[in-house]
Amino acid sequence: MNRIRHHRSLVALVMLSCAFLRAQTGEVVVTASRGWADPSRVAGSVTVVEGEEVTGSGRAILPEVLQDVPGLWVRSQGGPLAEVSLRGAGENAMGRVLVLLDGRRINNPDMAALNWLQIPMNAVERIEVFRGPQSALYGDFAESGVIHIRTRPGAEGPRSDAALIVGSDGTAILRGGASGRLPNRPVYGSAQGEWQTTEGWRERSAYRGGGAGGRFGWAPTSDADVQINASFYANDYELPGWISRSEMKDHPRMSRFPDDEARSWSGALGADYRYEWPEGSRLDLSAGWTHRRTESDMTSWAAFTDTETDLLSVQPHLWLAWTPMGSVVQRTLLGWDGYGDRLTVDRFADAARGTKGMSAELRRTTSGGYVRHEIETGPRWIWHGGLRLERSRIEAEGSAAGQTVLEDDKAHDGWAWEVGTLWAFLPGGKLFWRANRVYRYPMLDEQVSYYGYGSDALYGDLEAEHGIATEVGLEGRLGRAGRAGITAFVLRMKDEVAWDPVAWRNANLDATQREGIETWAEWHWTRFFTARGGYTFTDATFTDGPNEGHDVPLVPRHVAQAALTAQLPFHLEARFRVRYAAKAWLGGDYANTGDKMDAYTVGDLMVRFKPENRPWGAFVAVDNLWDERYATLAYRGFPEDGYYPASGRQWRAGLNMSF
């Protein structure tokens, strides 16, 4: 009964907000429906981060920019490895938030955190963050939300840019790029490159590397477009590892592991074809291939591993726009996604790779079709529904000392549906409701153990997780100078996959529930001051089994962000931002019997020089102003609790030019 009352109160809070919200004007378009749409016409919570904000931030990797997005939380082991969490995604959030680069999935098929150095910051045109499940549209990985990174196509006029950034701990970043089209020719393109190096705030946290990418297109007519893209990056990085709680308090820079490090290389190719009909129908064909190689030396675990990953994708889809009943506009999306993932692993007894301990090859093929239908009943109401049917199969082979130790397979059937409606109560404002069935397959190294310690097996009893999600939201103008939004959500999950420290393997957990509220607001005082902020409350608990009533680890109940930007004399702009996260249980502590990660409040300050009509600018910034000691990631038992400290106070300065 208490749960029912709580759900009613969430909905009531959203509905009462109607008294204070007025319309907001949609300014951008997003791909939340795998097709272009004004965000005010999308039944869901969407935040768009423009490329200028990304490049102007002077940050090293994208998660440092995404920390300002309401409802999003970043967990990091340090360096370029980080995962983002939406809607209360706890352990292995990298498998529950889909990350797309120009429409193609870049999530790793195993539990390895995403290496964000593969995305040059100056290549980003925009980032679209869709909070909430999208399994019916995208399938696997989209259980909690989607982050879609779109790079510059180069179809606009000629443009070149360069940036140099330096900072604490020997940090240096060099970026450059160019884009444009041939005069009087339907050919265009863009190319970007980046190089970074740093000694790192912690001991043994240095990394260095860089990459380059290009995107080239041919548009023979206004209705057709062909694009080819390619990218490559290489980097090496040290792995400082975990330290104890007391060590984090007294010596947060220290590392226990003087020899843990890794090297990584990656290359990607992609091709896209688009054709649009005059009445609004559209055909998209997309294909991509990515190859990654990582050599890791984990001396602390006596594990020396070479891993190669191949990701192949083929994704055709067709949008049909039609009006069979007079003024009733209808759109139908038909599509198919095909994926082929291959992971090969060689484990050695030493860093010289002299003696091989075990070899394994894991293959996963996934094939799924989906349909989505939208109906506009007049200018104010949009109704939609969708269905996805999919099948995934994992095959595993492993050998050690010339003997076969692993040979097995497992199939999963995934299916999802979505229904929703949107009321555009004023131009730009919206009240929406969505309900979804969601699912996620176990990642390759969740389904298969291939560590070479005698327990290698494919866990045939490990099933895909699934659940039901519901949300209701309202967005609109707040007075004359602001806008705001609020969303209440509930996600009930079964068979979540996570590490079971008792069974010492990945297993399906008992049922869980996440319910909460996301809010955001933006306000402008004349042209001199802008304030933005967001607050998210998430109640994530187990609803069955021996841990019933306990909190889901790694999910803080309260997360908030706020930023104030001021236009100052002499072409200066100052920006202060602050982030807060409440306490959270350590990963693996399902019984909630150990310590919690401490709450933290972190403030950053940046001052930019932006002269008018000048092709250059500069900035200086200080991060973690009051030198807060905190961690965004920690796990129970290593055999003692292990914390990954975040960086202390650091400074950055940079110069950028465009011409």
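Things to note:
- Shape of the stretch 286-348, Cα gyration tensor, a/c cut at 1.5: prolate
- Amide H contacts of G414: E390, R391, S392, each under 5 Å away and 5 or more positions distant or on a separate chain (H built 1.01 Å from N in the peptide plane; Pro and chain starts excluded).
- Gyration tensor (alpha-carbon) shape descriptor, the stretch 108-219, a/c threshold 1.5: oblate
- Globularity index of the stretch 269-423, i.e. its alpha-carbon radius of gyration over 2.2 N^0.38 Å: 1.54
- Rounded if a/c under 1.5, otherwise prolate or oblate - the stretch 216-342, Cα gyration tensor axes: prolate
- Magnitude of the charge dipole, the chain, Cβ model with Lys/Arg +1 and Asp/Glu -1, debye to 20: 2440 debye
- Where K494, K410 fall by accessible area, highest first, once all protein chains stay in place (1.4 Å): K494, K410
- The stretch 406-416 - phi-based ³J(HN,Hα) in whole Hz, Karplus 6.51/-1.76/1.60, Gly and Pro as x: 8, 7, 7, 8, 8, 10, 10, 10, x, 8, 8
- The stretch 200-208 - phi-based ³J(HN,Hα) in whole Hz, Karplus 6.51/-1.76/1.60, Gly and Pro as x: x, 6, 8, 4, 6, 10, 5, 8, 8
- At a probe radius of 1.4 angstrom, the accessible area of the stretch 337-419 per residue rounds to 47 square angstrom.
- FRET efficiency for the pair L572 and R629, taken as 1/(1 + (r/R0)^6) with r the Cβ-Cβ distance and R0 = 25 Å, rounds to 0.20.
- Rg/Rh for the stretch 362-449, where both radii come from Cα atoms and Rh is the Kirkwood radius: 1.29
- Under the convention that each Lys and Arg Cβ holds +1 and each Asp and Glu Cβ holds -1, the size of the dipole of the stretch 176-255 around its Cα centre is about 100 debye.
- Inter-centroid distance (Cα atoms) of the stretch 627-659 relative to the stretch 479-514, Å: 24 Å
- Lys-Lys pairs in the chain that are eight or more residues apart or on separate chains and whose Cα atoms lie under 24 Å of each other come to 4.
- Options (i) 47, 32, 27; (ii) 70, 28, 17; (iii) 35, 30, 28 - which one matches semi-axes √(5λ) of the Cα gyration tensor in Å as calculated here: (iii)
- Close amide-amide hydrogen proximity is noted between S45 and R131, each under 5 Å apart and 5 or more residues distant or on a separate chain (H modeled in the peptide plane; Pro and chain starts excluded).
- Solvent-accessible area per residue in the stretch 558-613 equals 46 Å², computed with a 1.4 angstrom probe and all protein chains kept.
- Per residue solvent-accessible surface (Å²) - the stretch 432-488, probe of 1.4 Å: 30 Å²
- Each residue was assigned an accessible area with a 1.4 Å probe, and for D250 the value is about 100 Å².
- Once backbone amide H atoms are built at 1.01 Å from N, D102 has I149, R150, T151 as its partners under 5 Å, excluding neighbours fewer than 5 places away on the same chain.
- Note: relative contact order over the chain, using C-alpha pairs below 8 Å and six or more positions apart, is 12 percent.
- Derived scalar couplings between HN and Hα for the stretch 574-583 equal 10, 9, 10, 10, 9, 10, 9, 9, 6, 4 Hz in order, rounded to whole Hz, by the Karplus curve 6.51 cos²θ - 1.76 cosθ + 1.60 (θ = phi - 60°), x for Gly and Pro.
- The chain, accessible surface, carbon-and-sulfur percent (1.4 angstrom probe): 59 percent
- Restricting the stretch 216-312 to GluC sites (Glu not before Pro) in coil, as DSSP defines it, with at most 15 other Cβ within 10 Å: E279
- Restricting the stretch 500-597 to chymotrypsin sites (Phe, Trp or Tyr not before Pro) that sit in a DSSP loop and have at most 16 other Cβ atoms within 10 Å of their own Cβ leaves W504, F528, F570.
- Euclidean distance of C-alpha centroids, the stretch 535-577 and the stretch 179-228, integer Å: 32 Å
- Only protein heavy atoms count here; on that basis, with a 1.4 Å probe, I468 has an accessible area of about 80 Å².
The values are calculated or read from the model by the stated rules, or taken from the named source; none is laboratory data. Because the structure is predicted, anything quoted here is derived from the model rather than measured. Heads up, the Cβs are rebuilt from the backbone with ideal geometry, glycines too, and the neighbour counts pull from every protein chain shown. We work out accessible area using only protein heavy atoms, side chains counted, and drop any ligands, DNA or RNA first. Shrake-Rupley method; radii C 1.70, N 1.55, O 1.52, S 1.80 Å.
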